[in-house]
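Peer 1: Please read through the structure below; I'll follow up with questions.
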Amino acid sequence: MANSSPAFPRASGMEVLFSKTQIAERVREIGAQISADYEGKSIVLIGVLKGAAIFLSDLARAIEVNNTFDFVAVSSYGPAKMSSGIVKLIKDIDNPIEGKHVILVEDILDTGLTLSYLRGMMLQHKPASLKIATCLDKPARRLVPMDADYVGFQIPNQFVIGYGMDYAEQYRNLEDIRIFSDNTTQSVGFQKNRSRSSHSVEG
Ligand code: XMP
Ligand code: MG
């Protein structure tokens, strides 16, 4: 099992911020809101890999109007957990979005740098409309002005894992969202502040 690796703390010891049930209920509400806002239209959902993959898959099924989905991936330069402001596209959309109603789907809006970059990029493709949906929003961390049109939950300035979100690629498969901590007996060999390479794939 991925989360029982001795090099990583057990998720079961970490505080649950939002349960599976709370997430499902909120996703249903956002899906209903989007369905009402786009009645009679088709939508292209564009997820930001990898963190948004699970939120997108649930959201797509909670939206009643026609929708297709696509994915982008970005990389950023800087240490783990910090955005440097330099964001680079490493996987573009597969299909044209000109004239389409697009919703960019993110796992978490933090400094705002990633979505600010992606928003600018997507607008160059001339969609009919462009909105942003994020599962989580950490407004305290914003470095550039950025608001999402659909927000699952606002959270305080804490590092979270689960429901697609990772620490060093671990914990994405958790069904609930938890506050990451390494205060467990499983933390032997685990370095919380270990640095990533200077060029890392975001997710
Ligand atoms: P910015 O800062 O550009 O970045 O808004 C958003 C991206 O940063 C990552 N991020 C997190 N990932 N737990 C995570 O697993 C967190 O608490 C967290 N905060 C930011 C994430 O990849 C997001 O897409
Ligand atoms: Mg992400």
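The values are calculated or read from the model by the stated rules, or taken from the named source; none is laboratory data. Just so it is clear, the structure is predicted and the values come from calculations on it, not from any experiment. In this analysis, Cβ positions are derived from the backbone assuming ideal geometry, glycine residues included, and neighbour counts consider all displayed protein chains.
Peer 1: Sort through Ile93, Ile23 and tell me the only one that's over 18 Å from Arg172 (Cβ atoms), surrounded by 13 or more Cβ atoms within 10 Å (Cβ to Cβ) and either modelled with pLDDT of 95 or more or touching a strand residue (DSSP E or B) at 6+ places or on another chain (Cβ under 7 Å) (or both).
Peer 2: None of the other options fit; the residue is Ile93.
Peer 1: Which condition number in (1) more than 17 Å from the chain's Cα centre (by Cα); (2) within 9 Å of ligand 1 (Cβ to nearest atom); (3) not acidic (Asp, Glu) is the one that Thr111 fails?
Peer 2: (1)
Peer 1: Scan region 114-131 for residues that are in contact with a helix residue (DSSP H, G or I) (Cβ under 8 Å, 6 or more places away or on another chain) and within 8 Å of ligand 1 (Cβ to nearest atom) and jot them down.
Peer 2: Passing the criteria: none in range.
Peer 1: For region 51-75, what are the residues that are of a type in the set (A, V, I, L, M, F, W, C) and more than 15 Å from ligand 2 (Cβ to nearest atom)?
Peer 2: Across region 51-75, the qualifying residues are Ala60, Ala62, Ile63, Val65, Phe69.
Peer 1: Then there's this: At least 1 residues that are at pLDDT 95 or above and exposed (fewer than 15 other Cβ atoms within 10 Å of the Cβ) in each: list the strands (runs of 3 or more DSSP E) lying fully within region 97-203 that qualify.
Peer 2: Result: 129-137, 150-154.
Peer 1: Does Ser42 fit the bill of being hydroxyl-bearing (Ser, Thr, Tyr) and either in contact with a helix residue (DSSP H, G or I) (Cβ under 7 Å, 6 or more places away or on another chain) or free of Cβ contacts under 8 Å to residues at least 40 places away in the same chain (or both)?
Peer 2: Considered against the rule, which asks whether it is hydroxyl-bearing (Ser, Thr, Tyr) and either in contact with a helix residue (DSSP H, G or I) (Cβ under 7 Å, 6 or more places away or on another chain) or free of Cβ contacts under 8 Å to residues at least 40 places away in the same chain (or both), Ser42 comes out as no.
Peer 1: Would you be able to say whether some residue in region 95-103 is within 24 Å of Pro145 (Cβ to Cβ), among the β-branched types (Val, Ile, Thr) and within 11 Å of ligand 1 (Cβ to nearest atom)?
Peer 2: The first filter runs over region 95-103 and keeps only residues within 24 Å of Pro145 (Cβ to Cβ), leaving 97, 101-103.
Next, only the ones that are among the β-branched types (Val, Ile, Thr) stay: 97, 102-103.
Narrowing the set further to residues that are within 11 Å of ligand 1 (Cβ to nearest atom) leaves none.
No, there is no match, as no residue in region 95-103 is within 24 Å of Pro145 (Cβ to Cβ), among the β-branched types (Val, Ile, Thr) and within 11 Å of ligand 1 (Cβ to nearest atom).
Peer 1: To continue, here is another question. Go through the residues of region 4-11 one by one and say whether even a single one is under 21 Å from the mean Cα position of the chain (by Cα), of a type in the set (Ser, Thr, Tyr) and either outside any helix (DSSP H, G or I) or modelled with pLDDT of 95 or more (or both).
Peer 2: no
Peer 1: Please work out which residue is nearest to Val87 (Cα to Cα), limiting yourself to region 132-150 and to residues that are more than 9 Å from ligand 1 (Cβ to nearest atom) and free of Cβ contacts under 8 Å to residues at least 60 places away in the same chain.
Peer 2: Among those that are more than 9 Å from ligand 1 (Cβ to nearest atom) and free of Cβ contacts under 8 Å to residues at least 60 places away in the same chain, it is Pro145.
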